[in-house]
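Notes for the one structure printed next.
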Amino acid sequence: MRTCGIEIKGSEAIICLMTLKDGLFELPDCRQTRFALSKDQEQQQMRHFQFTFAKFIEDYQVTQLVIKDRPQKGKFAGGAVGFKIETALQLIAGCQCSILSSTELKEQLKRHPIPVDFKATGLKAFQETAFLTAYAFLAK
């Protein structure tokens, strides 16, 4: 199962591809680390964002999207653009999409500690949350 961990920050979806095969986690090479939604968010821009992400899913044969949940209220609440991105991703046909809460993420990481230091993965620092999200989902 090829999984794409996603962290939504502002008007971007930051991603990390991961597979679990025979008990081993793999980070396949990926041409892209983030998808941005333009500031105006017109219907055409939303469709372009969704089409581009769907093409990425098809090209990399992703079967599962896992989005890190963001609070709807409070100091760290997600913005409207982020929720639009989340909706666009959930509506992509042919791919399962799950939301992973911060609590569940922490519980999974406690039960299944990451076997390698994040810096050793070769991923960019801003991808760490997307990496943890994919790992926690596959570890359960």
Selection from segment 8-33 of residues that are crowded, with 22+ Cβ neighbours inside 10 Å and under 20 Å from PRO113 (Cβ atoms): CYS16, MET18
Scanning segment 114-140 for residues that are modelled with pLDDT of 95 or more and polar (S, T, N, Q), which turns out surrounded by the fewest Cβ atoms within 10 Å (Cβ to Cβ)? THR129
Test set (1) within 16 Å of ARG34 (Cβ to Cβ); (2) within 12 Å of the chain's Cα centre (by Cα) - LYS124 fails condition number: (2)
Under 6 Å between Cβ atoms, which residue pairs at least 6 apart in sequence (or on different chains) link something in segment 111-140 that is among the aliphatic types (A, V, I, L, M) with a partner that is exposed (fewer than 14 other Cβ atoms within 10 Å of the Cβ)? ALA139/HIS112
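The values are calculated or read from the model by the stated rules, or taken from the named source; none is laboratory data. Computed from a predicted model, the values in this text were never measured in an experiment. Backbone-built Cβ (ideal geometry, glycine too); neighbour counts: all protein chains shown.
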